[in-house]
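Below you'll find the structure, written out as structure tokens, and then a few comments.
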Amino acid sequence: MTELTKAKGLPYKDDIYLFNIGEAQRAYLTFGCHYMEEIGMHRFCVWAPNARNVSIVGDFNGWDSQANPMEENNGVWTGFVGGLRDGDNYKYCIFGYDGNTVLKSDPFAFHAEVRPNTASKVWNIEGYEWKDAAYMRRRAKKDVFTAPMSIYELHLGSWRKPEGYQFASLREMTDEVVEYVKDMGYTHVELLPVYEHPLDGSWGYQVTGYYAFTSRYGTPQDFMHFVDRMHEEGIGVILDWVPAHFPKDAHGLARFDGTCLYEHENPLLGEHPQWGTLIFNYGRPEVQSFLVSNAVYWMDKYHVDGFRMDAVSSMLYLDFGRENGNYVRNAFGGNYNLEAIDFLRKVNSTVLTLFPGTVMVAEESSAFPMVTKPPYDDGLGFTFKWNMGFMNDTLRYFEMDPIYRKDHHNLITFAMMYAFSENFILPYSHDEVVHGKKSMLDKMPGDYWQKFATLRALYGFQFAHPGKKLMFMGDEFGQFIEWNENQPLDWFLLEYESHAQMKEYVRKLNRYYKRNRALYEIEDSWEGFTWLDVQNNLESTVSFMRSSRRRDGKVRRIVCVCNFTPVVRYDYPIGMPLLGTLKEVLNSDDTAFGGSGVLNAPKIQVEDCPGPESLPYSARVTLPPLATVYFEFMEAKPPAGKEKKKKTKKK
């Protein structure tokens with residue numbers, strides 16, 4: 001870097017070099033629109049190596065392509081404009097390699113016009129006074145694997161909509177969202193994509209402005225305030241991130257300089273036929289710099305706590321969505337996208353190294369191996385993976401009439417066959433309550449009471465099962481119709497007792513989960529999980545124990561017993577590995593939650609006689625109809641001179 005370069009406000013050669021070789025991690029500090037104090041002008045910087053000419057156009061020059069031409073160096077065009085203010089609209093006028101002249105939004109713009117307008121906006125994102133320093137220090141020391149995680153998935157545009165507003169004002173709704181999420185006991189919110197996108201109905205998954213908080217809900221500072229307030233209450237913020245594909249809109253990244261710049265030029269590698277979107281060229285160094293820097297940007301400038309990466313399977317497989325072998329094989333003749341795999345390892349390693357305590361979550365629906373293993377062990381380096389198998393199996397099971405469940409018992413037990421192969425999140429997301437799939441409540445069979453009872457039983461099972469938790473907005477109070485992004489949730493349902501009681505149940509479930517380390521501390525081995533009764537398909541019941549690590553000489557143990565039929569089962573035996581007592585602590589059939597009120601005795605003694613699963617002891621409990629019951633287990637001190645029986649191994 002030279003004093004002359006600084007005095008002229010030009011980008012540093014080293015920054016351009018790192019961008020061009022794929023090693024830039026903060027390219028947003030160079031590219032885009034920045035006010036250069038040393039020269040008193042705004043500098044514009046854009047990558048368009050094949051363009052024949054590029055100029056800056058906007059309100060300030062009457063959109064005259066001759067007024068503010070840019071100069072090219074190493075594929076990067078730079079120009080300067082004086083007298084600009086925050087909010088001024090601009091685009092790049094690009095005379096492309098293909099001979100066409102197009103107006104393109106800035107790929108690195110920090111803000112944009114409200115759709116359907118598509119111009120980028122001059123905007124200063126510096127200077128926000130963050131108040132989350134203590135939270136950030138705690139986050140850096142946090143072990144996310146042994147901590148509770150209950151995620152509330154949220155679409156900002158349809159959580160609530162004040163009357164008279166086309167879009168909710170994030171600044172106005174922040175306190176309400178924060179207080180609601182805090183009161184309900186969630187540890188994180190996960191936001192559907194909040195980047196600039198042209199179509200409301202895409203829910204944000206077709207991004208045109210990767211560095212711009214969507215103008216639908218306010219300014220970049222409004223979103224900073226939202227994250228800051230969440231952190232003030234100890235709540236993490238996860239963003240859906242979409243590096244898998246982008247739309248073909250003329251103002252976006254598609255054929256940016258008259259060539260396939262961000263996308264692969266081979267349509268078999270560069271386009272998703274079933275989505276009508278374009279695929280990033282993950283092997284191109286500049287594209288890697290663009291995407292890696294984008295992930296870093298949201299953590300650096302907005303303090304977000306992680307990303308859920310959308311559609312990872314579409315990135316991993318060259319034949320994704322392509323029939324009859326119509327795809328390009330990799331160098332070894334296989335269907336893995338080796339360049340995308342390298343990119344995923346790179347972005348995960350970069351983010352998790354720079355920002356300790358954050359998370360990278362894969363929405364990956366195949367059996368691709370080692371998604372959450374570190375790159376040095378040939379893994380992809382994600383922190384967590386959505387367990388789509390658990391979601392599909394449990395929903396298929398619970399959608400059945402109870403009379404048929406005995407023939408499909410494996411659907412609720414099979415997840416334990418692979419539960420420790422990855423670090424899992426158990427998701428019931430927005431994808432499960434749209435497109436004719438029905439709401440979570442309406443999926444459940446039976447009459448109105450049975451629907452609520454079955455859904456409570458499902459949530460109880462989910463929260464006791466190994467894996468972090470995720471629930472979509474509205475599911476917590478039994479939204480009855482499918483989610484519609486154009487209208488707010490049906491909050492009026494809380495005026496009805498059943499829905500209010502469902503909300504209270506989820507609130508209690510979250511709070512109990514967070515304060516009992518047996519339910520979250522050991523998610524990666526059988527040390528934290530013991531089947532007590534797994535094979536009783538005829539009665540459609542399961543029971544198991546969750547255990548914590550020994551701390552202060554104690555192991556915390558929670559027993560979960562589930563009855564997935566509408567039949568009350570009295571004096572029901574479950575196996576136990578130890579002598580002691582059981583105390584009922586949470587029952588989904590409690591009348592406070594809308595249940596029938598079938599409860600257990602205050603204390604249940606574990607008996608010195610064999611139980612199911614070849615366990616040496618047993619206890620007899622009452623199973624309410626369509627219910628999940630939690631018991632705290634207190635181990636008894638063995639009588640003097642008498643050793644505990646050893647567990648008999650199953651043959």
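Would you confirm whether or not the stretch 230-237 contains a residue that is touching a Phe, Trp or Tyr at 6+ places or on another chain (Cβ under 8 Å), assigned to a helix (DSSP H, G or I) and over 17 Å from residue 108 (Cα atoms)? Step through it out loud before you land on a result.
Taking the stretch 230-237 as the starting set, the residues that turn out to be touching a Phe, Trp or Tyr at 6+ places or on another chain (Cβ under 8 Å) are 231-232, 234-235, 237.
The next check asks that each one be assigned to a helix (DSSP H, G or I); those that pass are 231-232.
Next, from what is left, pick out any that are over 17 Å from residue 108 (Cα atoms): 231-232.
Yes, some residue in the stretch 230-237 is touching a Phe, Trp or Tyr at 6+ places or on another chain (Cβ under 8 Å), assigned to a helix (DSSP H, G or I) and over 17 Å from residue 108 (Cα atoms).
Of all residues being within 17 Å of the chain's Cα centre (by Cα) and in contact (Cβ under 8 Å) with a residue 40 or more places away in the chain in the stretch 335-354, which is nearest to residue 303 (Cα to Cα)? Just the residue, please. Write out each step before concluding.
Of all residues in the stretch 335-354, those within 17 Å of the chain's Cα centre (by Cα) come to 344, 347-348, 351-352.
After this cut, where a residue has to be in contact (Cβ under 8 Å) with a residue 40 or more places away in the chain as well, the list is 347, 351.
Values: 347: 17, 351: 12 Å.
Out of the qualifying residues, it is 351.
Here are the criteria: (1) under 21 Å from residue 220 (Cβ atoms); (2) touching an Asp or Glu at 6+ places or on another chain (Cβ under 8 Å). Tell me which single one residue 139 does not satisfy.
Failing condition for residue 139: (1).
State all residues of the stretch 561-603 that are of a type outside the set (A, V, I, L, M), crowded, with 22+ Cβ neighbours inside 10 Å and in a strand (DSSP E or B); if no residue qualifies, say none.
562, 563, 575, 587, listed by residue number.
Condition first: among the hydrophobic types (A, V, I, L, M, F, W, C), out of contact with any Lys or Arg (no Cβ under 7 Å at 6 or more places or on another chain) and surrounded by 18 or more Cβ atoms within 10 Å (Cβ to Cβ). Now tell me which residues in the stretch 359-387 satisfy that. Can you show your working first?
Here is the first cut: in the stretch 359-387, the residues among the hydrophobic types (A, V, I, L, M, F, W, C) are 359-362, 367-368, 370-371, 380, 382, 384, 386.
Keeping just the survivors that are out of contact with any Lys or Arg (no Cβ under 7 Å at 6 or more places or on another chain) gives 359-360, 367-368, 370, 382, 386.
Those that are among the hydrophobic types (A, V, I, L, M, F, W, C), out of contact with any Lys or Arg (no Cβ under 7 Å at 6 or more places or on another chain) and surrounded by 18 or more Cβ atoms within 10 Å (Cβ to Cβ): 359, 360, 382, 386.
In the stretch 498-545, how many are of a type in the set (S, T, N, Q) and part of a loop (DSSP other than H, G, I, E, B)? Reasoning before the result, please.
Taking the stretch 498-545 first, the residues of a type in the set (S, T, N, Q) are 498, 501, 510, 516, 525, 530, 535-537, 540-541, 543.
Filter again for part of a loop (DSSP other than H, G, I, E, B), leaving 516, 525, 535-537, 540.
Selection size over the stretch 498-545: 6.
Under the condition of being without any contact (Cβ under 8 Å) to a residue 40 or more places away in the chain and more than 37 Å from the chain's Cα centre (by Cα), which residue from the stretch 30-55 is surrounded by the most Cβ atoms within 10 Å (Cβ to Cβ)?
55
Since every read-out is calculated from the coordinates, none of them should be taken as a lab result. The structure displayed is predicted, hence computed values, not measured ones. Note that we place each Cβ from the backbone using ideal geometry, even for glycine, and neighbour counts take in every protein chain shown.
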